[in-house]
1. Could you tell me which numbered condition ARG129 fails, if it satisfies all but one of (1) touching a residue at least 40 places away in the same chain (Cβ under 8 Å); (2) more than 16 Å from the ligand (Cβ to nearest atom); (3) not aromatic (Phe, Trp, Tyr)?
2. Answer yes or no as to whether ALA232 is within 18 Å of LEU110 (Cβ to Cβ) and more than 15 Å from the ligand (Cβ to nearest atom).
3. Given the residues ALA252, ALA275, ALA260, which is the only one that is out of contact with any strand residue (DSSP E or B) (no Cβ under 7 Å at 6 or more places or on another chain) and either touching a residue at least 12 places away in the same chain (Cβ under 8 Å) or more than 13 Å from the ligand (Cβ to nearest atom) (or both)?
4. Among the residues of region 212-229, is any surrounded by fewer than 23 Cβ atoms within 10 Å (Cβ to Cβ) and in contact with a His (Cβ under 6 Å, 6 or more places away or on another chain)?
5. If THR124 satisfies every condition in (1) within 16 Å of the ligand (Cβ to nearest atom); (2) free of Cβ contacts under 8 Å to residues at least 60 places away in the same chain; (3) surrounded by fewer than 23 Cβ atoms within 10 Å (Cβ to Cβ) but one, which is the exception?
6. Taking interchain pairs and intrachain pairs at least six residues apart, which have beta carbon atoms under 8 angstrom, with the first residue in region 396-423 and under 30 Å from ALA339 (Cα atoms) and the second among the acidic types (Asp, Glu)?
7. Quick one: in region 175-196, of everything that is away from the ligand (no atom under 16 Å from the Cβ) and surrounded by fewer than 23 Cβ atoms within 10 Å (Cβ to Cβ), which residue is nearest to ALA113 (Cα to Cα)?
8. Given (1) in a helix (DSSP H, G or I); (2) crowded, with 17+ Cβ neighbours inside 10 Å, where does PRO327 come up short, assuming only one miss?
Amino acid sequence: MHTGRVSELDENPRDPRGLRPDAPLLDAWLTSTERAEAGRLTPMITPGHKQRRDLVGSVVAGDAPLYGGLDTISRADALRADGEARAARLWGADWCRFAVAGSTHGNQALALAIGSPGQEVIVTRILHRSLLLGLVLAGLRPVWVRPEMDPASGLPAAVPVDTVRAALAAHPAACAVFLGDPSYVGTIGDLAGHAAVAHDAGVPLVVDAAWAAHLGFHPDLPPHAIAAGADAMVTSAHKALPAWTQGALVLARTERLDAARLERAFDATHTTSPAGSIMASIDAARALLSRDGKDLCGRLLRGVTAAKLRLQQVPGLGVLDGPGVDPTKLVVLLAGTGAHGMAIEADLIAAGMPVELADRDTVIPVVTIADDEDQVAAFTETLVAAVERHRGAPRHPAAAAAWTVVPETVLAPREAFFAQNETVPAEAAVGRVSAELIAPYPPGVPVLAPGELITSSALNALREVHADGGRIAYAADPTLATLQVISG
Ligand SMILES: Cc1ncc(COP(=O)(O)O)c(C=O)c1O
């Protein structure tokens, strides 16, 4: 296994680990960009930058479309299918597509691949907003299930299998079960149990595993969703794997899902001009995972385990840990130190170490197979120093609104999305039905969704996030002075 950084691997810096022979899209991208760099291309085809660097500069370096870039327009589908089939084999799936619009597109494709408008689906309420909009697109009616909460951390655990079983029994016409596993904070449920109850009820289990492209590739990691029995999963190659931003995989078994419908659903909302560079990076990440995944996940596990041990020695500091948590996830619990997560985040940004999530009580850095142990250790020490600088009175953690929201659904998301709406002052919005989706981001879980009753507790929770400097995403008025409600 190679352990050095790319810059140290001078032999072939464009493919330092020699992935090319097992990665057809990577191979095609390398060929195409080599020709472009050698000035041997006069492309009379998109993209409009024509591989020139004298117009907008290097911002377009490495860009190559799938169609007409990685191969001719007529041959590129076969190339794509080769790369996708290799990914399907690696994950033990029958069907795979590479998405260039993230797990967002994957979730929406899977929502469109299942059921028909008006049908019910069993869905976790701590779903990512992309899946909620998938329900809008597909016209599916959610039957919400909720995870258990961990009172010590204020963070969500998994959705219990019994909860899903009960929901399926109460809604026998439901056409699928949609779960997010691992959750945003890395908590993991009994996916084999969920698959069993879904299959007993004759419906597929679909899993948003956006953060979990590494799962299943080391004996100390839980299996991935397909291996656990799920019928489909979406995962972001750009989150856990070293792929270009936006790269994601949608994987499915075709016993309960129809391959042609999956194709149609996937293509319905995918660009007709997918970036070959993104797709080649998904292919390369797959080849890397296939060959070196165990070693790289081993390094990741060592780095995160050491970080957790170090952080737990700091008075008041905690980490989310235990059998129900992805062991590569580092979720730092600050409440016992009194330090405010936003202050810690500011110090980390100043140190050149921006993190994925920071709220009052929690800091979540994304640690991946790209991080070596020294890097994780250096980050850990910088974090500890920031905590020491910002210590205060210990407090109990507050469960964020995203994890605790118990909505009262008045209208199905699709009906609400298309209903007439009006903008009213926030106070007047309480008791009305929301026309908009509002989510603190991260984690992107809607605290208010179209069709849900606006309660003062939801509004106050959103205001607290705003007051703390958090991002209120997708609201027409992110200051929350006004809200959009269904008219009438
Ligand atoms: C649980 C979950 N699902 C889906 C997504 C969407 O992923 P992407 O950014 O790849 O579109 C995210 C994004 O953070 C997420 O957290």
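1. (2)
2. Taking the combined requirement at face value, the residue does not satisfy it.
3. When all the criteria are applied, what remains is ALA260.
4. Checked region 212-229: at least one residue is surrounded by fewer than 23 Cβ atoms within 10 Å (Cβ to Cβ) and in contact with a His (Cβ under 6 Å, 6 or more places away or on another chain).
5. (3)
6. Listed pairs, sorted by first residue: PRO397/ASP361; ALA398/ASP361; ALA400/ASP359; ALA401/GLU464.
7. CYS175
8. Among (1) in a helix (DSSP H, G or I); (2) crowded, with 17+ Cβ neighbours inside 10 Å, PRO327 violates only (1).
Taken together, the values in this text are just the output of simple stated rules run on the coordinates, not laboratory data. If you're wondering where the values come from, they're calculated on a predicted model, not measured in any experiment. Every residue, glycine as well, gets a Cβ built from its backbone with ideal geometry; the counts of neighbours run over all protein chains shown.
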